[in-house]
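Here the structure comes first, spelled out in structure tokens, and everything after it is commentary.
The values are calculated or read from the model by the stated rules, or taken from the named source; none is laboratory data. Owing to the predicted nature of the structure, the values given are computational and were not obtained by experimental measurement. Reconstructed Cβ throughout: ideal geometry from the backbone, glycine too, with neighbour counts over all protein chains shown.
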Amino acid sequence: MQGWVKLHRKILHSEIFDNEKMLKIFIYCLTKSSHKQAEVRVGRQKVQLEPGEFIFGRKKAATELNMNESTIRDYLKILQEDGVITIHPTNKYSVITIDNWGTYQSNEEEYDNKETTEKQQNNTTLPSEGQQKDTYKNEQELKEVKNVKEFITTTTSGPMNRDAIQFFKNNFGIIRPQISEEIVIWSEDLGDPLIMEAMKRSLDRNKPTWGYVKSILKSWINKGIRTIEQAEAEKVEYENKNHNNGTFSKGPSKQEVVPEWFKNREEQEKHNINKQPSIEDTARTIELSIKLKRSRENILDSIDHRYRLSEEDMASIREGKCSAIDILLDQLKLRVVGDP
């Protein structure tokens, strides 16, 4: 196959350029594509190709690219998901189409060459005709710029500058357009800080994938958690529940943000692992659980069995009539004087 293809400089700001293997496969697709309608034979079958299409075979591509078939398949899938190419598979081969080929590989140079020839042949061209050609050329340039912007979907402008997306790039690696779009949607609903908190926890748990981050976010949504404060409260409640059940989890890593009072309690537990939570800690757990709209049964499971909250007690705390610590102190006083 002879000739050449266009490659716009804006590709420097795309995800394709950031990955050398993806760039290699993308350029391979460009150079393999037919520049005009053509008929090719595959075995005994004739295949009609439109501009921007080519016959693809995994084994041949692996040889020509000097890459594993599985690697080529994975990157072609990414390009297809990102709307760069379309793959039409058959039982023997596939036809790959470069999306937007007609606009991206516009033949403006042919028009320029034609225009130059006409000027050389006719030096008496009227100024008005020249102005019309200049106008046409300017319109073509504007059209090409617009088409390139549509073709290169991933740039460094707009939503890509969100804090959550930058955090993902810095800690997880290359971000695909599909993931960046999902991050933007989640961020608009919950805010960047909570999205980054979920990312930090996935890193702390050695599961640095967007899928795991989404599982954390979905769990928070189901529990009504929409702020970092609520996420911290849910974590503290979980730690307290494990403590009361005799199961002790590892302390939070340096990357996680937890209340100062919880850090102090953790230090105390290192010296006395069997020490029961203080009444202040229990009161905080109760108040935070009520904010998270936990049921009475769940709250009782997460605190010391010495304390029994009634529905009236919870309503009083929820409505601000009294604090959780006041109710707990009253219960302790009743036990001291022998109340069953």
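Anything in the stretch 36-52 that is on the phi < 0 side of the Ramachandran plot and touching a helix residue (DSSP H, G or I) at 6+ places or on another chain (Cβ under 8 Å)? List them, or say none.
Quick first cut of the stretch 36-52, residues on the phi < 0 side of the Ramachandran plot only: 36-42, 44-51.
P51, the sole residue that qualifies.
When the stretch 1-51 is examined, which residues are found to be over 27 Å from the mean Cα position of the chain (by Cα) and of a type in the set (F, W, Y)?
Keep residues of the stretch 1-51 that are over 27 Å from the mean Cα position of the chain (by Cα), which gives 1-7, 28, 30-51.
Across the stretch 1-51, the qualifying residues are W4, Y28.
Applying the selection to the stretch 104-114, what residues are loosely packed, with under 15 Cβ neighbours inside 10 Å and either modelled with pLDDT of 85 or more or assigned to a helix (DSSP H, G or I) (or both)? Don't jump to the end; show me each part of the working.
First, pick out the residues of the stretch 104-114 that are loosely packed, with under 15 Cβ neighbours inside 10 Å: 107-114.
Listed by number, the residues that qualify are E108, E109, E110, Y111, D112, N113, K114.
Any residue at all in the stretch 242-258 that's at pLDDT 70 or above and either surrounded by 13 or more Cβ atoms within 10 Å (Cβ to Cβ) or more than 20 Å from E197 (Cβ to Cβ) (or both)? Even if it seems obvious, please write down each step before you answer.
At the first step, the residues of the stretch 242-258 found to be at pLDDT 70 or above are 242.
Cutting the leftovers down to either surrounded by 13 or more Cβ atoms within 10 Å (Cβ to Cβ) or more than 20 Å from E197 (Cβ to Cβ) (or both) gives us 242.
Yes, the stretch 242-258 has at least one match.
Among the listed residues I78, I87, I55, I27, which satisfies the condition of being touching a residue at least 40 places away in the same chain (Cβ under 8 Å) and closer than 30 Å to E181 by Cα?
On the way: I87 fails: touching a residue at least 40 places away in the same chain (Cβ under 8 Å); I55 fails: closer than 30 Å to E181 by Cα; I27 fails: touching a residue at least 40 places away in the same chain (Cβ under 8 Å).
The unique qualifying residue is I78.
Which condition from (1) in a loop (DSSP other than H, G, I, E, B); (2) closer than 16 Å to I87 by Cβ is the one that H35 breaks?
(2) is the only condition that H35 fails.
Considering only the stretch 6-21, state which residues are free of Cβ contacts under 8 Å to residues at least 40 places away in the same chain and not charged (D, E, K, R).
Taking the stretch 6-21 and keeping what is free of Cβ contacts under 8 Å to residues at least 40 places away in the same chain, we get 7, 9, 12, 17, 20.
Correct list: L7, L12, F17.
Please state which of the following conditions I183 fails to meet, knowing it meets all the rest: (1) touching a residue at least 40 places away in the same chain (Cβ under 8 Å); (2) closer than 22 Å to E15 by Cα.
Unmet for I183, out of (1) touching a residue at least 40 places away in the same chain (Cβ under 8 Å); (2) closer than 22 Å to E15 by Cα: (1).
Restricted to the stretch 58-82, and to residues that are within 23 Å of the chain's Cα centre (by Cα) and farther than 14 Å from C29 by Cα, which residue is surrounded by the most Cβ atoms within 10 Å (Cβ to Cβ)? Lay out the reasoning, then the answer.
Keep residues of the stretch 58-82 that are within 23 Å of the chain's Cα centre (by Cα), which gives 71-82.
With the extra rule that they be farther than 14 Å from C29 by Cα, the set shrinks to 71, 74, 81-82.
On the way: T71: 13, D74: 13, E81: 12, D82: 18.
The qualifying residue surrounded by the most Cβ atoms within 10 Å (Cβ to Cβ) is D82.
For the stretch 301-325, give me each residue that is farther than 20 Å from E239 by Cβ, over 43 Å from the mean Cα position of the chain (by Cα) and among the hydroxyl-bearing types (S, T, Y).
Correct list: S310 only.
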